[in-house]
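The values are calculated or read from the model by the stated rules, or taken from the named source; none is laboratory data. Note that this is a predicted model, so its numbers are computed, not measured. All Cβ positions, glycine included, derive from the backbone under ideal geometry; neighbour counts span all protein chains shown. Side chains included, ligands, DNA and RNA excluded: accessible areas come from the protein's heavy atoms. Shrake-Rupley method; radii C 1.70, N 1.55, O 1.52, S 1.80 Å.
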Amino acid sequence: MKITNVRARVFEWKGHTVPPQPHFCSNAMDLLWDKGDSMGTFRFHGWTVVEVETDDGLVGIGNVALAPRIAKAIIDQYLTPLVLGHDPFDYEYLWQRMYRSTHAWGRKGVAMAAISAIDIALWDLMGKATGRPVFKLLGGRTKEKIPCYASKLYRTDLGEMQAEAQRYLDQGFTSMKMRFGYGPKDGPEGMRKNLDSVAAVREVIGPDVDLMLECYMGWNLEYAKRMLPKLEKFEPRWLEEPVLADDIDGYAELNRLTSIPISGGEHEFTSHGFRQLLDKRAVSVIQYDTNRVGGITAAHKINALAEVYGVPVIPHAGQMHNYHLTMSTLASPMSEYFPVHEVEVGNELFYYIFEGDPTPENGFIDLDEHKPGLGLSLSQRYLDQFNIIE
Ligand SMILES: O=C(O)[C@H](O)[C@H](O)[C@@H](O)CO
Ligand SMILES: [Mg+2]
């Protein structure tokens, strides 16, 4: 089998978008005095879809959501020439070819996300060529079904957060993640509002439902050191991305500070990046996203590292490219699940572009053994609500 073409298209949402509320998610921009709509730079309203075509008519699908127009340019100008004419089953060689040729500028960030998209498409192709789902190529079914946690609960009116949490309970979820709305610039009042929101959700869900807390890089080491002891009474499953992704020593200090596990990794790249996090015991939960970290090839290596270090992998984003990895290893106990809803932050845009993602039942999802590859197809349903850049 030989690759004959790589088609990268950018899908830019032009349909209805729920406007962001102030303080709906603390984030890395919050420390700036002129932060404006601080979550504005962290919305995923564009998505690059990659289709790798082969000489026997198979097409593999990959995707990338970071800087989609830049990712497309990198794919078109740099990565496509490196894979044309090659066999998708030479995926390790092709990964090294893409990684090494862009090493001067592409080890992390959007270039590695672009490499991820092509790599995911290669694994989709290998599954389609063998008639097996990707997880069967990675290690098979390690779980009867995949537990997943409902992930939304952006900071809003506490009554609305409680109602949303109750809806997840009613749907059978036994774990869920909420977002903080305040950070270092919001002082003691912001701290109290953060604590009040956790108390409000915990009041609804009770002590026996896992509650994860998301900072999205919006705090700093000093603020997190003050907040962690105050959060212990709520027994969160983890505190996520309390500091910037580059502050690995800060992560490590926080991870040792209290009983609350620190999680991170959705903004880290390749097995080399995760070796640093693991060697420094910087995180207690690894959260790479397969369409950022280096694709399935890189994620599979990180799963092996994580197993040896005894650190669980719970990938960022409930999307097919991650579900197959979680299914294929005991190192990954569960998945994130983004509820389907109107386009807001954009995590949910995946559902408007693709079809095939499983619907949770009582907090579990399953993957179809009879669907080869990723089990995804492009949806025709919302095409008229996208600008598509060829
Ligand atoms: O962990 C997550 O789900 C991410 O950090 C979200 O995608 C991000 O949008 C912040 O909620
Ligand atoms: Mg996160």
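What's the center-to-center distance, using Cα atoms, between segment 214-243 and segment 60-123 in Å? After rounding, the separation between the Cα centres reads 35 Å.
For Arg107, no residue 5 or more places off, or on another chain, has a built amide H under 5 Å of its own. Starting from the Cα of Lys128, draw a straight line to each of the lysines and keep only those under 28 Å, dropping any in the same chain fewer than 8 residues away. Of all the lysines, those that pass the test against Lys128 - Cα under 28 Å, at least 8 places apart if same chain - are Lys2, Lys72, Lys136, Lys143, Lys145, Lys301, Lys371. What fraction of the Cα pairs in segment 3-131, stated in percent, has a spacing above 18 angstrom? Distances greater than 18 Å cover 57 percent of the Cα pairs. Surface exposure of the chain, expressed per residue as accessible area with a 1.4 Å probe, stands at 39 Å². Of the solvent-accessible surface of the chain, computed with a 1.4 Å probe over protein heavy atoms with every protein chain present, carbon and sulfur atoms account for 50 percent. Taking 13 Å as the cut-off, the amide N atoms of segment 8-37 that come nearer than this to a point 7 Å along the Cα-to-beta-carbon line of Ile389 belong to 8-13.
Membrane-span-like helices of the chain, defined as complete DSSP H segments with a Cα extent of 27 Å or more along the helix axis and a mean Kyte hydropathy of at least 1.0, are identified as 110-130.
Distance between the 7 Å Cα→Cβ label points at Arg69 and Val18: 2.7 nm. Suppose we look only past 31 Å in the calculated P(r) of segment 136-380. What percent of the Cα-Cα pairs does that tail hold? Summing the P(r) tail past 31 Å for segment 136-380 gives 21 percent. Annotation for segment 128-230: GluC sites (Glu not before Pro) lying in DSSP loop with at most 13 further Cβ atoms inside 10 Å of their Cβ are Glu144.
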